[in-house]
1. Among the numbered criteria (1) surrounded by 22 or more Cβ atoms within 10 Å (Cβ to Cβ); (2) of a type outside the set (G, A, S); (3) in a loop (DSSP other than H, G, I, E, B), which one does E660 miss?
2. Considering only residues that are assigned to a helix (DSSP H, G or I) and at pLDDT 95 or above, look in the range 64-86 and name the one that is surrounded by the fewest Cβ atoms within 10 Å (Cβ to Cβ).
3. If you scan the range 329-372, which residues turn out to be surrounded by fewer than 18 Cβ atoms within 10 Å (Cβ to Cβ) and more than 11 Å from ligand 1 (Cβ to nearest atom)?
4. Looking at A450, A411 in this structure, which one is small (G, A, S) and more than 16 Å from ligand 2 (Cβ to nearest atom)?
5. The conditions are (1) among the hydrophobic types (A, V, I, L, M, F, W, C); (2) open to solvent by 10 Å² or more (accessible area, probe 1.4 Å); (3) touching a helix residue (DSSP H, G or I) at 6+ places or on another chain (Cβ under 9 Å), and A668 fails exactly one of them. Which is it?
6. On the given criteria, is A277 open to solvent by 10 Å² or more (accessible area, probe 1.4 Å), more than 10 Å from ligand 1 (Cβ to nearest atom) and touching a helix residue (DSSP H, G or I) at 6+ places or on another chain (Cβ under 8 Å)?
7. Those residues that are more than 24 Å from P659 (Cα to Cα), more than 22 Å from the chain's Cα centre (by Cα) and among the aromatic types (F, W, Y), I need them from the range 53-111; list them, please.
8. Tally up the residues in the range 490-523 that are open to solvent by less than 20 Å² (accessible area, probe 1.4 Å) and more than 16 Å from ligand 2 (Cβ to nearest atom), please.
Amino acid sequence: TERYNAREAEPRWQARWDERKLFQTNEADGRPTYYVLEMFPYPSGRIHMGHVRNYAMGDVVARYKRAKGFDVLHPMGWDAFGLPAENAAIERKVHPKAWTYENIATMRNQLKSIGLSLDWSREIATCDPDYYAQQQRLFLDFLKAGLAYRRKSKVNWDPVDNTVLANEQVIDGRGWRSGALVEQRELTQWFLKITAFSEELLSALDGLPRWPEKVRTMQKNWIGRSEGMLVRWALANAHGDGALKEVEVYTTRPDTLFGASFIAVSADHPLAAACAACDPKLNAFVEECRRAGTSLAALETAEKKGYDTGLRASHPLDPSWELPVYVANFVLMDYGTGAIFGCPAHDQRDYDFARAYGLPIKPVVAPPGADAEALIADAAYDGDGVLVNSRFLDGLDVAAAKEEVARRLEAATLGNRPVGERKVNWRLRDWGISRQRYWGCPIPIIHCEACGPQPVPDDQLPVLLPEDVSFDQPGNPLDRNEAWRNVSCPACGGPARRETDTMDTFVDSSWYYARFTAPRAATPTERAVADRWLPVDQYIGGVEHAILHLLYSRFFTRAMKMTGHLGIDEPFAGLFTQGMVVHETYRDASGQWVAPSEIAISEAEGQRRAARLSNGDPIEIGPIEKMSKSKKNTVDPNDIIETYGADTARWFMLSDSPPERDVIWTEAGVEGASRFVQRVWRLVNEAAERGAPAGAAAPEQIGAPAEALRRTAHGALARVGESIERFHFNRCVAAANELANALGQALQAAREPDADIRFALREAAEILVRMIAPFTPHLAEECWAALGHETLVAEEAWPEADPALLASDSVTLPVQVNGKKRDEIVVARDADAATIEKMVRELDVVLKAVGDKPIRKVIVVPQRIVNVVA
Ligand code: ANZ
Ligand code: ZN
């Protein structure tokens, strides 16, 4: 047979699937539903190998479930709003819309060339007016339900470009384009009230057993529930007009109160402002803190700095003990109360601060028998233990001490209120969605001086993005577009202006999975249809989205339920996070990165060497890293598909390592996958020629070699099904290799095969084709046709392995008639003699061999042999 020509075959089968609309899902037809979804791509320009891996995995599941009789929904779309389109507009003078839709067209073709079983009739792009119109409806429904609101909040402001910057656009405190020091400004912005669901978003994680443990943990930490106390400290020396008489702190460690050595408040705390008003140095410090930004990560790593306000606070458990009050850069205003008491011995930040400012470090918790002072010699101790140096708390464990302090502080009073109060705190903040950007979903609000912000009336939706915009000045072009911006107020008819902020693109991706169930509906969802498909049975994507995207989606599902658009709480019943595609890196003598396609690798004396293809210059082989443009270690899926075909790329992607781990892309690996494809093609053709014809019935007698091949085939088949269900794709590949080997050997052994072998050859070839079909669907179709079938594999039901051929605890017993071997039977290892005797008495060969003579005796030697005496 000729070589399998993937380049010719793949488009041909793709066209056949298309023609038959095999992957379209339209109406309920009684089959159980299965919704498999991969995180949709950003249309950056080209598909990369990470996409191929992600979608290949989803496609295996989709094709398998379809074969198992499910009505499968497997859609694809584009997360199409966002900054890169605006940057392209600035840099290349191309309209964001044109840029985006061109990229979509390119990438759609690339995806199609991979042969994914997608329902393209449901394609959506989040920048389609059809899509964002419904998103505007959702926003207005949320507003009505009290789930959206407006308030002042800080943004990163670039004073040179006069524009707001996203966090990613602030690099080391400076604007990424202008290089200007970024300032924090207050702007009135829209928020979605994700905190309304803090408790639920946390507790429901326990009801998601098909999510990776690590993702659930990351979400838990992000939501960040903590149990602590609010504790009020009286100020011993009142400041200025004396209006501020106390400072309230939030603590999760009231047990460590006797280890306190200072109070610290945020630079944005009212107390800081009051003191700064008459202390220019403090004022300068407060300004410096503000400029440094508010990101949590930045605060964790920044050097701890503070300024002594001169105020003193009285210890709540001993008013005669006074502690200094600092303004410190590591205290956030929007957590707890924006004020803390510092306990350096048991909190690392406080420890660093105390070392820098010469404050006492007194241990108050130590495991029994430990030297408390030694314990904190170089770092804070945040472990468990027993209280020391703590008066009436001494000897109590941490939990008991917390309880004792809580009891006392609740009973004590300051003014006429209790000094302390138990308090649950959340790290989760409401979601600010306003972006001062053009290429996003317009927020459907009209601002009127007289009436305030008004929702855009339903009959005026959608608020379309204007297309005549210019990017020749910094800032948001919507602000400058008078014609679009100036409208009349829907309430009073007077002059008003549109909201010019657009929504964070995370909003777009927070509900697309729901929209896929009814992508053209005139409402955000169609309830009956959404109810039938959702939740998504299997969601697949990168772990980089473990927190924000998944949390926002979980919030949206709840908010959409509250507003009547959905009936569920959790959007994704199953989640799988796949590993990355990584590749060696290469550099030339001057340290420049070199692309894999520009070099040749040779191997001599066990040493791999690289040289530049064009001139033979030596190239240094560097470490294996995530494929990235900056390191040039990418491989373009297009090139691979052109050279080897999509099936080879798919097979390699799923073969080399467990899907949750990184896969190392190597030339040798791809070659191996390509060889497998050709090998299957050869084996199947040979089996088609020498095996039984299609549809031939099983012969009555199956000898041992045929039986062994059947067992391997059915065993491999069963393993593939089980492994797909568990996302062990690399085990499926191993099973396919094993079956291909067995088939190859059987073909070689049987020069002139008997009927049973011929039957087993065909059966094994067919099983091989069917089990690789979810992985290498084009090859499978070509092989299926070569085996004489008129149907498409993609339309066939998944073959079920014969349980009788699976029992691994079975034994093969030779059957003798009057001392001469006539046959073999396969029985369970623990089958009893009576069962075996019954089977043997019914064997055709045995009956033939004994002829007319009666069987006198059947001697069963368990697990060894059966002898028939006639
Ligand atoms: C005293 C103390 C002693 C603390 C000790 C910790 C260890 P979680 O668990 O995240 O809720 N804290 C409170 N508000 C803060 C703010 N606005 N900015 C920075 N830090 C703040 O953390 C609560 C702990 O973080 C609180 O408990 C407080 O320090 C600090 F041995 O109080 B602790
Ligand atoms: Zn008005």
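The values are calculated or read from the model by the stated rules, or taken from the named source; none is laboratory data. These figures come from a predicted structure and were not determined experimentally. Note: ideal-geometry Cβ built from the backbone for every residue, glycine included; neighbour counts use all protein chains shown. Keep in mind that these areas ignore ligands, DNA and RNA; they rest on the heavy atoms of the full protein, side chains included. Shrake-Rupley method; radii C 1.70, N 1.55, O 1.52, S 1.80 Å.
1. (1)
2. Among those that are assigned to a helix (DSSP H, G or I) and at pLDDT 95 or above, it is A67.
3. Within the range 329-372, D352, R355, A356, G358, P360, P367, P368, G369, A370, D371 qualify.
4. Going through A450, A411 in turn, the sole match is A411.
5. All conditions are met except number (3).
6. So A277 passes the test.
7. Scanning the range 53-111 gives W99, Y101.
8. The qualifying residues number 19.
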